[in-house]
Amino acid sequence: MATISAGTGKQVRVLGLVSIIIGAVMIIAGAVTWGMVSTKLAAENITVSADAPMFAGAKVTGPLEAFVQADVINGHALKATGGKTYAQLDKEDPLRATAMNGSFLRSSLFTSVIAFGVALFAIGVGALAILLGWGLRLVAAPRSAEEPVLVTSNA
């Protein structure tokens, strides 16, 4: 059996604090990113089409509305081009511009969906960092001289 020295415990507590601070920064950054993307989407005044399977008539401000509207745009573009994508249309076909605009709009909406996902990921990793930091600080909490910390090994 071995004991953890007081110096090591202090280092672990500092590491735990650093982890908590990094976690808090990540949560704040993720929340700010989510808010910025949502605000920018709302400023575009995009409304989910009436023929959408969900959120019909709702303003696009979040990832679900953006995803649904992107899917609806795809359906509209394919309907307008007779089921052909931009790449399948002849270079001289006037419907190619319609397919291109639909593709660009979908890509923009999907980019916002990805941004929401990255923001949520940052928030989740930040929460995990806080929990791990808190756990490290609990494990390395100062103890009285009568209460030694023992580390055992099965090796």
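Looking only at region 93-126, residues that are surrounded by fewer than 16 Cβ atoms within 10 Å (Cβ to Cβ) and more than 21 Å from Pro63 (Cα to Cα) come to 5 in all. Within region 3-11, not a single residue is without any contact (Cβ under 8 Å) to a residue 24 or more places away in the chain, over 14 Å from Ala119 (Cα atoms), within 22 Å of the chain's Cα centre (by Cα) and outside any helix (DSSP H, G or I). Inside region 85-137, residues that are among the aromatic types (Phe, Trp, Tyr) and over 21 Å from the mean Cα position of the chain (by Cα) make up a count of 3. The requirement of being more than 27 Å from Ile123 (Cα to Cα) and surrounded by 15 or more Cβ atoms within 10 Å (Cβ to Cβ) is fulfilled nowhere in region 19-34; no residue meets it.
Sort out which residues of region 35-53 are among the aliphatic types (A, V, I, L, M) and surrounded by 13 or more Cβ atoms within 10 Å (Cβ to Cβ), and write them in order of number. Don't jump to the end; show me each part of the working.
As a first pass, look at region 35-53 and keep what is among the aliphatic types (A, V, I, L, M): 36-37, 41-43, 46, 48, 50, 52.
Correct list: Val37, Leu41, Ala42, Ile46, Val48, Ala52.
Read-outs throughout are calculated quantities, based only on the coordinates presented, and are distinct from any laboratory measurement. Since this is a predicted model, take the numbers as computed values, not measurements. Because the Cβ atoms are built from the backbone with ideal geometry, glycine has one as well, and the counts that use them run over all protein chains shown.
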